[in-house]
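Presented below is the structure to which this report refers.
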Amino acid sequence: MFTFDGEIGCPRAIKLRGKIPECAICGENPTLTELTNYEVFCSAKAHDKGRDLLILSPAQRISCLEFIEQRKSSLVLDTRSASQFSIFHLQNTKSTVV
């Protein structure tokens, strides 16, 4: 894949990985062949799509690297619904849903 940033005049070539034979989408025997309704799949409304939504102020945000450092000595609570937590969660995190 080739991208070009016209603002700074920088081209970039990105090597894409090959297909994974077991992949549910692009593999030899795909099982996901149509679009999925996000809200039905996650059992939750997509409330994060509003452009004016400001959940945290800039002072309350941290970078990925800061998060990695803080995880070493902190407990991370995942406040999403149980169904979303079961789909994916970070290792060593705890769900707030009982």
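The table for this structure:
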| read-out | value |
| --- | --- |
| Close pairs from the range 57-86: first surrounded by 13 or more Cβ atoms within 10 Å (Cβ to Cβ) and assigned to a strand (DSSP E or B), partner modelled with pLDDT of 85 or more and of a type in the set (D, E, K, R), Cβ under 7 Å, at least 6 apart | Asp78/Lys94 |
| Among residues of the range 16-40, those that are under 21 Å from the mean Cα position of the chain (by Cα), among the charged types (D, E, K, R) and more than 25 Å from Gln84 (Cα to Cα), counted | 2 |
| Yes/no for Glu22 being out of contact with any strand residue (DSSP E or B) (no Cβ under 9 Å at 6 or more places or on another chain), free of Cβ contacts under 8 Å to residues at least 12 places away in the same chain and outside any loop (DSSP other than H, G, I, E, B) | no |
| Residues that are surrounded by 10 or more Cβ atoms within 10 Å (Cβ to Cβ) and assigned to a loop (DSSP other than H, G, I, E, B), drawn from the range 25-44 | Ile25, Cys26, Gly27, Pro30, Leu32, Ser43, Ala44 |
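The values are calculated or read from the model by the stated rules, or taken from the named source; none is laboratory data. What you see is a predicted model, and the numbers here were worked out from it, not measured in a lab. With ideal geometry, Cβ positions are generated from the backbone for all residues, glycine too; neighbour counts draw on all protein chains shown.
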